Every structure is written in C-alpha cells, then in structure tokens.
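To keep things clear, I will list the structure first and then write my remarks on it.
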C-alpha cells in the first residue's frame, strides 16, 4: 500500500469505507454511506468515526485513529461498533474523549457503550445539568435523550422523543438548560411521545430548536437547526452563564440564534449554496462552529466558511465574516498538529448508481488555503414575499466582509410557485405545479405509514368552490365519476407525478376520498391534495377536519401606494443602530438598490412604513475569484486535453464495488483498474454491464442562442462555452451530470462546471438552484470522486506524471487527480448566450430563464426585426425560485441594437425577456 502520496491535501491511504468484511467489496445492505462524522485530536492522535445512513444498532463502520506521521496507515480499532454517529465531546473531569459510542482515556484506551444497551444514532453529546462530573447527555437522531455515566457506562433513556422534528443534530448545555436541535421535518414517529409541540401547521415549520431546564421542555423555534454550541465548544457546555449559539435556516436565509443572559435573539446570514435546503434535512449533516487555532474559530454552513468570533454575544456581535465558499461536504473539522483538517461525506451510493461503494477521506491544509477556494458570495434576506407589519424591524442581516452588495426590494407577490411546497402536509417536495394551482388554498393531510392506505379527509367552505384534486398516478387510482379529468399535472418527489381532476362543490362540507391503491405490493400511494378555488374571487374561509391542514396563499397587495423601506446599520457590531437611507418602492413594484462600494457595516436591518407583502433579498458577491497564482492554477490542469485536441486519452470512471480500486472504461473493448494499493493501471476484462451503466446520453441541447436544459417540466438556458462543445467528442458525449460529493450533483455542461443541489435521492437535481464553479476549454470525458479525490478523465497523450496526472503510456491510459475544491481554480465562470437569437417571440410571453447567478461582468444586447418600435422588458428572478420582477424596460427602435452593462454590484439568479409585440428578437448576454 502506497502511503507516500498527498494530492491536493488528501492522503488516499486514509480513505474510509462502509464495508470491512468482504475484502474490499461492497455487498451488504444498510451501508450505503460512510461520511466521516467527527474528527478530534486526542491522546497524541487524530480520532474519527464514520457513519452508516440509518443504523442505531451498529454497522461495519469504524473508529479510527491516525498517527502524527501521516505516512503511516491509520488504525482501525477492534472495539468498533459502527452505527450513525457524529457526536463528540471532551469530558474534562474524567479526562476522556467521548465520540460516538466510545470513551477514550488520555492514554488512548477505548471503552464502548454497546448499541444493545443504548440503541441510538449519536448525533451530539452534552454536559449534564445535574451531575456533570459523572453523567453526560447523549442526543439521538430520532429525538431521544439518553443519560450515561462516563465511569460505569450505565445508561438510561430519559425521553423517547420530547419535541417534534426528524433528523436530530446538535446539543449543548449552558445557562441552566440543555438546548437541542433538529433539522428535518418528515416522519416524526408517534406524536403521543412528543411532550411539547406537534405536527407542523404550515410549510415553514420544519425541524426544531428546543430547550430543557431539568423539568420542562420548551420549543424555541420550529425551523431547521443543526449546530448548537458555545465558547466551551467541544466540552459540551458550561455550568455557568456562557452564551449558546445555534445555526439553522429557512427559505430566506441562514438563522443564527443567540442565547445571552437568558434571552434568545436572532441574526440572519446569507447562503452560498442550496444543497442543504431539503425539508427532510438529510443533506445537511453536521455543520459546525468550532475552534481551529488558538483564538480563531470557524463556522461552516450552506457551502460557506465564516470566521466566527469566540466573543459573539448580544453586546459584541462583530467578527462573523465570509472566508470562502466550498463544494466539499464537511461534517466536522478541527486543528491538528498545525494543520486544518476537514472531514468529508464524499461518495454515497444512496440513489447513486454511478458508484460501487461509499467512501470518504480527510483534507489537510491551512486556513489560508481556503481563501483560494470559491468566492465569498452569498444570497438571502429577511423577507421573501412575507406579510410585514408597518414600523417593525427585521432581524439583523450580515453584510460584513462582502465586496459588492445589491438589495432587491419588491412589494406584492411576484412568484407563481415556491420550491418549498409539499405534496402532503409532512413530506414530498413539489417540483413543478401549474401557476393557477399554486395561487390557490391547498388542503391535505400527513402521509402517515405508506404501508397502509392513504387517509381521506374533509373540510368546510363558506361559499361555492371548485376543487382541483391532485391524484398520485401510481397504480391508477379511480375516482367517483363526478370528478372530471383536466390536462394539468404536478410533479413531486422522486420522479412522481399527479393527474389533476376538478369538481364543483356547494358551500358546506367537502369530502376528499382516501387512496387505497397499491402501486407495488404493500405500498400505497399518496393522499390526494385539494386546491380550492372560488368563482367570485371573494375571500374564502376553509375549516379543515379529520387532521387535514391548510396552506393559504398570500394576499397580494393591489393598491398603488408606495412602500418606503428604511435601512439601518450596526457599523461596529455593538447593537448601536444608525439610519442609513430610505428606499421608496411603488405598490406592486420593484427597486434594486446597490450599496456604495465604500459601504462598511456589520449588520443591516429594515422596516416598512405600511403593512404589505415585502421582499428584501440581498446578493452579496466578491470582487475576486479563486485567489492565487494564475500560472500555478494553469499548471494544475495543464495535463488535461483541450477541446480541440485529437491526441486525447479519455474514458469513463467508476468507484469499484468489488474492491477499493477505480474502474476505467476507455472503449467497449478496453477496461482497466487503477489500484488503491499502488496507484497504477491494470488491464482487466471489459464488462458489458458496467459499460452499459456508465453509458453517457446527452443531457442538454444547444441552439443558436444558448445551451438548453430541460428540468422539472421547465426549460432553462445556460451560457455557451467554446463551439467544440456543441458536438460530442471523438469518444462520444462527455458526462454532463453526476453525484460527486454525497447527495449533491456536479455538472459539466458546455465548458462550465456547476454545483447542482438535490431534493430527493434518485430524483433529478434542482437545476433552478445551480451555481457556476468554473469555466474551461478542456475535453473532460467523465469525472467522479474516489478515495477522497476528484478524478477527471480526458488528458493529453503527451501529458507527463506530475503528481496530479497518472498515466501508463504502454497501456495508453491516464487520469487527473485532485481535490473537489481545486475546480474553483480551473477558470472564472464566463460565457455567452441568451434566451433569444433571431427567435420568434410572442407578445407578453416570457422567454425561457437564462442563468445569471455567479457571473461577474455582465452585459446585454437587445434587438428585433419589426418595422415598429418594440418594448422589451428584462425580468430577473431574485431568489431562484421564480420570484420574477421587472428589472428594466428597453424601448428598441427598428434597426437599433440596445446595449446595456449591468452595474458592477448587480446580481440576480435568472434573467428573461418579455416583448410587448409579436416579433423576431435577439436578447443575448456576455459574461466576462
């Protein structure tokens, strides 16, 4: 086994896997993930555990320790019991590291609490309220709270599930209370076990942040939360009055809760990425706030590293600043022997059939290395189409540390749909929905046990209504013939869809039937969802029955009265607010307000002068991209073939299932394994099954205007790169989209890499929330993760082994290896394209959306072929979820080409055009 290799901060020999009993093969169920849940320096070594997806009673996952001499193989401890752990705590009084089910003393001796005695997924360990010298709290992902004696290892379950939520996360003790978090809202289990709270009453209620004072439980907030910690960090809490910090999110922004002197307050921060947002919480493991060097703390959340001050409190809340965004999925991090160490959840095979077995590794580097990763750009705000009361301040929103800032102000409801709509009260996100249904009241029920028929329900209405009923297509459920089929369709979940029926009802009780149709033996379809419309448009009162819940559409402000937004800033982070400016927005209108380049403040807050539906959403971006030596960055990728090269060594790649090797298919007749042990190529017999699995089909098309991408029932458009990407390479179409980091996609489309979130394993990625990483001119045929490394296929035949390129000239095969966040250095995102290029355009019909998020210098040109003037309205989507506003009206004379350079600070997610006449039009954008 080679232990001398270090590639982009990664030691391949330190890779962890899910299965250890089958000589490197992966043929055991329940082990389809192996993220590294916790890394802690202790007893002169680095200790870590990896985790299975759902194994409270143990698995083949292990406890590991790593010697300071990183060239040595890591130790896999025989005491290992596996499971799904990420909890860790250093217990000062007993001088032990508690990590997962293990207790490790100062000499490195390991004891184990058997999962038979404490069956749980250890997600956090916290200091005890009553007897902290002897006892600790263990927090279960299912929501249970256990107590254990760190000396005798005696255990006791204190609570089965005291608060609602699914996918428990953090736990920490201070100010006389235990605070716990939960970041999912799916199967809550039996609500009779829950001591406070209950089912979600609206789509905003997801997960929980809750506290326990030794007698009673109290819900702080029904939102998705992960980390809970404080200045004592990994010691699990304080017996005194230290602050408590908790991080979470909602559909608008990140949420940072602070408990200081017994009072909770809220601060908001931007999101760099949207890979964590799914309501079930699975795709956000354990983002942390923890110390990385003496006096320096760091926070990781939603694809961004932030500096985080240990002094963060109500009176001193300065110091949170973005460091860089990243692609790596990081469950934990620490400082060890002068290096920053990042754990990873890398290659999962849950819904991912392009990898044979799960595997994850560590990254070793420095704090300064992070600054050469992704741009410090983030998006979010206090309000997104929210009902706002006059003269009421928003929570503070972070503006410190960004270079360019624009605030999008809008009044009234702009979007036809939101991506956070759920098909049932508790689960299954809706991906596409007709606008006429999205605007209606929606009534449904909790899914419940899918092994049983889905329940029916009823509700009362105070006037005649039309009910549109969404019916799960699977199994072909039949309705009473009074329901009439429509041509509408809703898509949701994992490639599932509904037929939609309609029926008229008089005022009174409306009864919705259950769904007793099996789509496979023992599996029943979803409950029906009712969308309720009135003939008159007058206010509708709905009273749900039979455990049904109602989601009401927002009331749209229709008057033309302007709304004045007042902006205040806290310039020092000391709670002293000063007035900055006011912004007047027409009723139902929109204004983009760019903050000055010399603007300096820590926090910003807003209020309106009248009740309204308001949006205040910030795009904050960086002036630099992939800092570092340009030549060094070029050299890093020099061995990759250019798009026009003919002397190319391509191939398709696959992390093997039968062993730890990387499988490489260069043609139907030639296959190789690149070995884990020696990092060399071995010829093997081709396998038709693998070749078929890796077969690439084109996932996008190209027209004269742009790249065309079909996703979720919508057509999206992306910038073009070099013309060589219009056609397949000599070896065939290159791979366009693939899961590389666990539960998120990497896409390589027409010369640009993108990060693309997932909503549900196995379902199409959420391309509407994509962000560009880098643009290039390389002939990359395939890519994957393997042994903690990013692997790129498509190198020049003349490329030499250089620490990133590994070749075998005799076998005529080679690959590039690096780290996932090396991709930021490949090239700044650029491209040209647009929604129209001499295109036939219908009046008042919006064009397809064209990507704008993540690009720097942006310019626009518009023209048409009509003999009369035409007005083209350029619209932008503020948040990526269809919140469209009118950016500008361009009146274009015949024969004229209007050119427009977007302001330096301006940023939006998508852009489109709307013409006021039928015409042939061009609307093209340059991103430089």
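The values are calculated or read from the model by the stated rules, or taken from the named source; none is laboratory data. Worth saying up front: this structure is predicted, and the values here are computed from it rather than measured. Please note: Cβ atoms are built from the backbone with ideal geometry, for glycine as well, and neighbour counts cover all protein chains shown.
A few comments on the model shown:
- Among the numbered conditions (1) crowded, with 21+ Cβ neighbours inside 10 Å; (2) part of a loop (DSSP other than H, G, I, E, B), the only one that residue 1 does not meet is (1).
- In segment 727-746, the residues that are in a loop (DSSP other than H, G, I, E, B) and more than 20 Å from the chain's Cα centre (by Cα): 727, 728, 730, 731, 733, 734, 735
- Residue check for residue 94: over 31 Å from the mean Cα position of the chain (by Cα), surrounded by 15 or more Cβ atoms within 10 Å (Cβ to Cβ) and either touching a residue at least 24 places away in the same chain (Cβ under 8 Å) or not assigned by TED's automatic domain parsing to the domain that holds residue 338 (or both): yes
- Scanning segment 5-44 for residues that are in contact with a helix residue (DSSP H, G or I) (Cβ under 9 Å, 6 or more places away or on another chain) and either modelled with pLDDT under 95 or in the same structural domain as residue 107 (by TED's automatic domain parsing) (or both) yields one hit, 40.
- Count of residues meeting criterion [assigned to a strand (DSSP E or B) and either closer than 17 Å to residue 265 by Cα or in contact (Cβ under 8 Å) with a residue 60 or more places away in the chain (or both)] in segment 204-231: 15
- Residue 645 fulfils the conditions (1) more than 19 Å from residue 790 (Cβ to Cβ); (2) outside any loop (DSSP other than H, G, I, E, B); (3) in contact (Cβ under 8 Å) with a residue 40 or more places away in the chain; (4) over 33 Å from the mean Cα position of the chain (by Cα) except for a single criterion, (2).
- Test: residue 782 is surrounded by fewer than 22 Cβ atoms within 10 Å (Cβ to Cβ), at pLDDT 95 or above and touching a strand residue (DSSP E or B) at 6+ places or on another chain (Cβ under 9 Å): no
- Near pairs, Cβ below 6 angstrom, 6+ apart or cross-chain, from segment 555-578 (farther than 19 Å from residue 382 by Cα) to any residue that is buried (at least 16 other Cβ atoms within 10 Å of the Cβ) and at pLDDT below 80: none
Residues checked against (1) more than 29 Å from residue 620 (Cβ to Cβ); (2) under 19 Å from the mean Cα position of the chain (by Cα):
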{"site": "331", "(1), (2)": "no, yes"}
{"site": "360", "(1), (2)": "yes, yes"}
{"site": "365", "(1), (2)": "no, no"}
{"site": "371", "(1), (2)": "no, no"}
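- Residues satisfying the stated conditions in segment 804-843, i.e. surrounded by fewer than 19 Cβ atoms within 10 Å (Cβ to Cβ), modelled with pLDDT under 95 and at positive phi: 812
- Qualifying residue in segment 573-588 (condition: crowded, with 16+ Cβ neighbours inside 10 Å and modelled with pLDDT under 95): yes
- On the stretch given as segment 74-91, residues that are surrounded by fewer than 17 Cβ atoms within 10 Å (Cβ to Cβ) and either more than 14 Å from residue 43 (Cβ to Cβ) or outside the structural domain of residue 54 (by TED's automatic domain parsing) (or both) total 3.
- Just one of the numbered conditions (1) in a loop (DSSP other than H, G, I, E, B); (2) buried (at least 24 other Cβ atoms within 10 Å of the Cβ); (3) in the same structural domain as residue 567 (by TED's automatic domain parsing) is not true of residue 425: (3).
- Of the residues contained in segment 24-37, none is found to be in contact with a strand residue (DSSP E or B) (Cβ under 6 Å, 6 or more places away or on another chain) and on the phi > 0 side of the Ramachandran plot.
- Across segment 469-488, not a single residue is classified as surrounded by fewer than 17 Cβ atoms within 10 Å (Cβ to Cβ), touching a residue at least 40 places away in the same chain (Cβ under 8 Å) and not in a loop (DSSP other than H, G, I, E, B).
Okay, residues lined up against (1) in a strand (DSSP E or B); (2) closer than 29 Å to residue 574 by Cα; (3) out of contact with any helix residue (DSSP H, G or I) (no Cβ under 9 Å at 6 or more places or on another chain):
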| site | (1), (2), (3) |
| --- | --- |
| 310 | no, yes, no |
| 314 | no, yes, yes |
| 317 | no, yes, yes |
| 330 | no, no, yes |
| 340 | yes, no, no |
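- The number of residues in segment 349-374 that are in contact with a strand residue (DSSP E or B) (Cβ under 7 Å, 6 or more places away or on another chain), within 30 Å of residue 204 (Cβ to Cβ) and in a loop (DSSP other than H, G, I, E, B) comes to 0.
- When restricted to residues that are surrounded by fewer than 23 Cβ atoms within 10 Å (Cβ to Cβ) and under 20 Å from residue 114 (Cα atoms), segment 32-61 contains 7.
- Given (1) surrounded by fewer than 19 Cβ atoms within 10 Å (Cβ to Cβ); (2) modelled with pLDDT of 95 or more, number of the condition residue 198 does not satisfy: (2)
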